[in-house]
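Comments concern the structure below.
The values are calculated or read from the model by the stated rules, or taken from the named source; none is laboratory data. Only a predicted model underlies this, so the values are computations on that prediction, with no experimental measurement involved. Heads up, the Cβs are rebuilt from the backbone with ideal geometry, glycines too, and the neighbour counts pull from every protein chain shown.
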């Protein structure tokens, strides 16, 4: 086996937690709406307001998540991604309903 290059680290990938396949994402429209706290019938403006609220609450760069340690920051990152995926999934539906 060849020697390790100087400065290389063995062990788990430090960015493994950043992969979306490890984050539980909404599996359908009902899960996506629930992730953002929306009722069954919602408008595009309600979707936007719910997404902005979730993004502001769970953004991983907020001081409360940064100062709270790595576990809290990872939790915030996962919640932020769930909100983003939910928004992206529901946006075409909301625009179609409003249009």
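One table, with the values for the structure above:
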{"quantity": "Complete set of residues in segment 51-98 that are closer than 22 Å to residue 28 by Cβ and without any contact (Cβ under 8 Å) to a residue 24 or more places away in the chain", "calculated": "53, 88, 92, 96"}
{"quantity": "Flag if residue 10 is exposed (fewer than 13 other Cβ atoms within 10 Å of the Cβ) and either modelled with pLDDT of 90 or more or closer than 17 Å to residue 91 by Cβ (or both)", "calculated": "no"}
{"quantity": "Selection from segment 59-77 of residues that are under 10 Å from the mean Cα position of the chain (by Cα) and crowded, with 18+ Cβ neighbours inside 10 Å", "calculated": "76, 77"}
